[in-house]
1. For the list (1) at pLDDT 95 or above; (2) more than 18 Å from residue 218 (Cβ to Cβ), I need the number of the one condition that residue 126 fails.
2. Can you name the condition, by its number, that residue 99 falls short on among (1) buried (at least 18 other Cβ atoms within 10 Å of the Cβ); (2) modelled with pLDDT of 95 or more?
3. Could you please give the count of residues in region 69-78 that are buried (at least 18 other Cβ atoms within 10 Å of the Cβ) and either at positive phi or over 11 Å from the mean Cα position of the chain (by Cα) (or both)?
4. Residue 170 - would you say it is surrounded by fewer than 14 Cβ atoms within 10 Å (Cβ to Cβ) and more than 24 Å from residue 196 (Cα to Cα)?
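The values are calculated or read from the model by the stated rules, or taken from the named source; none is laboratory data. Because the structure is a prediction, the values reported are computed rather than measured. Here the Cβ is made from the backbone with ideal geometry for all residues, glycine too, and neighbour counts use every protein chain on show.
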């Protein structure tokens with residue numbers, strides 16, 4: 001995500017992503033900063049590569065929400081949302097989970113079966129935020145007020161033509177208030193984009209509500225395209 005003057009070049013940004021290290025320290029040390037997801041055969045978390053496919057579909061198909069500007073998968077109906085700021089923003093509750101330490105219960109007695117297969121599971125486990133891990137969201141450097149306002153102007157310019165009729169009118173009417181809401185929380189927000197890290201990608205925000213141990217995510221609802229998978 002390019003912002004004026006401070007964001008790294010694409011090569012530095014890639015290096016930054018590869019150098020992410022998970023930390024169990026305080027919130028002041030980027031509590032959502034995560035290493036690139038490590039898939040584990042026993043993880044119950046879905047990779048975005050498995051969310052949509054071209055095979056047969058049934059009435060119980062999953063809904064995936066893609067970034068309208070880039071096509072990146074950012075959310076699915078597995079994560080309930082609440083509309084705020086007149087529907088401009090979606091509020092979604094994330095959760096810290098242990099990846100790689102969740103076994104599928106098939107009724108077997110773990111003390112009698114599994115044996116050596118279970119050894120080392122704890123060593124491979126990693127604590128991750130479910131939404132970040134599932135959709136491979138990529139954390140971005142923090143924005144100051146000037147950078148964020150510049151981003152929002154560009155975002156509005158790119159998104160508005162993709163909306164039609166009443167939807168476009170509602171977006172133009174309410175986006176200013178939603179921007180002010182985000183600015184009021186700017187120092188508490190962490191910033192993410194989709195897996196492609198495209199320059200035009202829609203930002204996803206995360207922060208901790210007072211007293212919360214799990215993060216709350218904020219999405220631009222009008223920037224999401226619903227796709228049945």
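1. (1)
2. Just one mismatch for residue 99, condition (2).
3. First, the residues of region 69-78 that are buried (at least 18 other Cβ atoms within 10 Å of the Cβ): 69-70, 72-76.
If we keep only those that are either at positive phi or over 11 Å from the mean Cα position of the chain (by Cα) (or both) as well, we get 69-70.
Final tally of qualifying residues: 2.
4. Details: surrounded by fewer than 14 Cβ atoms within 10 Å (Cβ to Cβ): no; more than 24 Å from residue 196 (Cα to Cα): yes.
When the stated conditions are applied, residue 170 does not pass them.
Per-residue answers, yes or no, for (1) touching a residue at least 24 places away in the same chain (Cβ under 8 Å); (2) out of contact with any strand residue (DSSP E or B) (no Cβ under 6 Å at 6 or more places or on another chain); (3) farther than 19 Å from residue 138 by Cα; (4) surrounded by 16 or more Cβ atoms within 10 Å (Cβ to Cβ):
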position: 158; (1), (2), (3), (4): yes, yes, yes, no
position: 162; (1), (2), (3), (4): yes, yes, yes, no
position: 175; (1), (2), (3), (4): yes, yes, yes, yes
position: 181; (1), (2), (3), (4): yes, yes, yes, no
position: 186; (1), (2), (3), (4): yes, yes, no, yes
position: 192; (1), (2), (3), (4): yes, no, no, yes
position: 205; (1), (2), (3), (4): no, no, no, yes
